[in-house]
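So the structure is just underneath, and the comments pick up after that.
Quick note: the coordinates plus some simple rules give every number you see, no bench work behind them. These numbers were taken from a predicted model, which means no experiment stands behind them. No Cβ is skipped: glycine too gets one built from the backbone with ideal geometry, and neighbour counts run over all protein chains shown.
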There are 2 protein chains.
Amino acid sequence: MKRTAFFISDSTGITAESLGNSLLAQFDGIQFEKITLPYIDSLEKAREVVKRIDTVMEQGQQRPIILDTIVNEEIREYIARCKGMMIDVFSTFLKPLEIELGADSSYSVGTSHAIVEMHRYKDRIDAVNFSLDNDDGARIQQYDKADIILVGVSRSGKTPSCLYMALQYGIRAANYPLTEEDLENPGLPQCLQAHRGKIYGLTIDPFQLAAIRHERRPNSRYASLDQCSHEVRTIERLFRQERIPCINTTTFSVEEIATRIISEAKLNRRI
Amino acid sequence: MKRTAFFISDSTGITAESLGNSLLAQFDGIQFEKITLPYIDSLEKAREVVKRIDTVMEQGQQRPIILDTIVNEEIREYIARCKGMMIDVFSTFLKPLEIELGADSSYSVGTSHAIVEMHRYKDRIDAVNFSLDNDDGARIQQYDKADIILVGVSRSGKTPSCLYMALQYGIRAANYPLTEEDLENPGLPQCLQAHRGKIYGLTIDPFQLAAIRHERRPNSRYASLDQCSHEVRTIERLFRQERIPCINTTTFSVEEIATRIISEAKLNRRI
């Protein structure tokens, strides 16, 4: 039987969800039913949450796990009345932090918070627009404004990685697909040569590449293992010859690809 | 003087960063210099981290705050030797969870983790491709496969919101811009009528819309406050008449828009 876990927040729930997933992933043998409840920002909503948690208990299940990142003390205390096992992130960590910093924490998500978010919003939108405008070599004249330019064969993961960097960190990431034609010529394409320091390569296992391309264009030469192997071999040789740092995306999630590139290329987060 | 905070992880660092930002945001009066150090997955890297933290101390600063989500116990214990104030997320929460669940936690990021990630990767890429293919009304024939279709005037935040839902949750989000022409006719455009249940509206403050459009096309009619006010008024009337649920994006960050829509439209996360 599955154990139920609730990730509860009075905001987006992203922190609670991400922390909860990391913690529960450490228990291999146990299956969890995970439920995220964001925007629990009133006592009325808190009442419904407590009812929902207690219903799980009453249905004969084991105590649900509750992990919350609720800033509002009143709502948090109300939810603490539930019959689940509560892991409260803010009360656990804010007290020691208050002592260390010699300051009281504000339990309110006041106006200053909203202003920060607005600023982050604009940076993010700008970065997303930049990525979309500079996707797949569409507009190479903006490369001087790019923080990074990903290069790789078609379907090696460039676009999602660029968009993740844009959305999560406001980084302006362009990408350029090295086509068969590019790969036939020696060295980097002309349009990339002036931006050497910003180039980062993606490579991928040819079998996986073939599988991905096959979904897009079944039984095409483009998706054949021969073609994929050839392109990957050629691009990996190019990366070595031109000393372009690169990452093999085969076993990585989009956020792993993005955060590894940011870390290794020492890119500054804009948000 | 700024206080330095390090967010350290042996993985992406996304959880540490997001939790750290949330906690420190509760201390209004203190300025922090925040440094994220992901992929600290060897004792060698841990040694460099400790050196870096202790250097901050020696430069006469106050104790740095260290918040870590390191799964590997050996690395975690090594970093605990530093002179900073350490908030260790896993050791704080895993012990009580082990007692509650009656099971030991695995301190390893073994093979099962990688498989989960691979699966998530594919769902994510599929969702991102879906969003890009169905961006700005480009390919309305795929709307039956969409989990949600965002509608709104140009530059109201549709594309970033769709991409965030795709990347973070694997949700297939299409979007359709309601053009001036669409807005002149009564009711919903033909191509949306069969998908009523999936439609979610975005609206925005006309002043902010004008500012955003102005950056894109300065001094155009498109960016004029008159035009923006007219479009927003018309679309809000349409949302009311057609009973389309909607969200005003003006003061929200992309993740807030995305998580609010997911929550209110009761969308299932695919990852």
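Points to keep in mind about this one:
- Karplus-derived 3J(HN,Hα), 6.51/-1.76/1.60, for each residue of segment A:260-270, Hz, glycine and proline x: 5, 5, 4, 5, 6, 8, 6, 7, 8, 5, 8
- The Kirkwood radius of segment B:113-206, taken over pairs of alpha-carbon atoms, gives through the Stokes-Einstein law at 37 °C and 0.692 mPa s a diffusion coefficient of 238 µm² s⁻¹.
- Dipole of chain A computed with +1 at Lys/Arg Cβ and -1 at Asp/Glu Cβ about the Cα centre; of A:Leu132, A:Ile171, A:Val153, farthest Cα towards the positive end is A:Val153.
- Unit Cα scatterers, Debye sum, chain A: log10 I(q)/I(0) for q = 0.09, 0.11 Å⁻¹: -0.60, -0.80
- Ordering B:Ser22, B:Ser224, B:Met85 by the projection of their Cα atoms onto the charge dipole of the protein assembly as shown, which places +1 on the Cβ of Lys and Arg and -1 on the Cβ of Asp and Glu, puts B:Ser224 at the extreme positive end.
- Solvent-free Debye scattering, log10 I(q)/I(0), computed from the Cα coordinates of segment A:151-271 at q = 0.10, 0.13, 0.14, 0.17 Å⁻¹: -0.30, -0.50, -0.58, -0.86
- Partners of A:Lys158 within straight-line reach, counting lysines whose Cα lies under 25 Å from its Cα and excluding those fewer than 8 residues away in the same chain: A:Lys122, A:Lys145, A:Lys198, A:Lys266, B:Lys122, B:Lys145, B:Lys158.
- The alpha-carbon positions of segment B:1-105 define a convex hull whose volume is 95 Å³ per residue.
- Cα-based shape type of segment B:1-52, given that a ≥ b ≥ c are square roots of the gyration tensor eigenvalues and the cut on a/c is 1.5: oblate
- Of B:Arg213, B:Arg260, the sequence from fewest to most neighbouring Cβ atoms within 10 angstrom is B:Arg260, B:Arg213.
- Length released on extending from A:Thr250 to A:Glu58, taking residue separation times 0.36 nm less the Cα-Cα span: 64.7 nm
- Cβ crowding within 10 Å, taken as a proxy for footprinting-reagent exposure, orders B:Ser91, B:Ser253 from fewest neighbours to most as B:Ser91, B:Ser253.
- Each copy carries a label point for A:Arg216 at 7 Å from Cα along the beta-carbon vector; from one copy to the others these points are 2.6 nm apart, nearest first.
- Label geometry 7 Å along the beta-carbon vector: B:Cys191 inter-copy distances in nm: 2.7
- A simple charge model with +1 on the Cβ of Lys and Arg, -1 on the Cβ of Asp and Glu and nothing else charged puts the dipole of segment B:118-246 at about 300 debye relative to its Cα centre.
- Normalised contact order of segment B:1-117, rounded percent, pairs of Cα under 8 Å and 6 or more residues apart: 28
- With the cut-off at under 16 Å, measuring from each backbone N in segment B:12-42 to a point 7 Å along the Cα-to-Cβ line of A:Ala103 picks out B:20-35.
- Calculated FRET efficiency for the pair A:Glu215/B:Ser220, C-beta based, R₀ 30 Å, to 0.05: 0.15
- Phi to ³J(HN,Hα) by Karplus 6.51 cos²θ - 1.76 cosθ + 1.60 over segment B:57-72, Hz, x for Gly, Pro: 4, 5, 7, x, 7, 6, 3, x, 8, 10, 10, 10, 10, 8, 7, 5
- Extending 7 Å from the Cα toward the beta-carbon at both A:Glu44 and A:Gln241 defines two label points whose distance is 6.8 nm.
- Here the translational diffusion coefficient of the protein assembly as shown follows from Stokes-Einstein with Rh set to the Kirkwood radius across Cα pairs; for 10 °C and 1.306 mPa s it amounts to 64 µm²/s.
- For B:Glu74 and B:Glu184, the FRET efficiency from 1/(1 + (r/R0)^6), where r spans their Cβ atoms and R0 equals 56 Å, is about 0.25.
- Each principal axis of the Cα cloud of segment B:201-271 was evaluated for its coordinate range; sorted largest first, these ranges are 42, 28, 18 Å.
- The fewest-to-most ranking of B:Val71, B:Val50 by surrounding Cβ atoms within 10 Å reads B:Val50, B:Val71.
- What you get for the protein assembly as shown, charging only the Cβ of Lys and Arg (+1) and of Asp and Glu (-1), is a dipole of about 500 debye around the Cα centre.
- Here A:Glu242 yields copy-to-copy label distances, from shortest upward, of 4.6 nm, the label point defined as 7 Å from Cα along Cα to C-beta.
- Helical runs (DSSP H, four residues minimum) scored at -39500 (n - 2.57) apiece and divided by the length of chain A put the mean residue ellipticity at 222 nm at -15000 deg cm²/dmol.
- For segment B:31-106 versus segment A:119-154, the gap between their alpha-carbon centres in whole angstrom: 34
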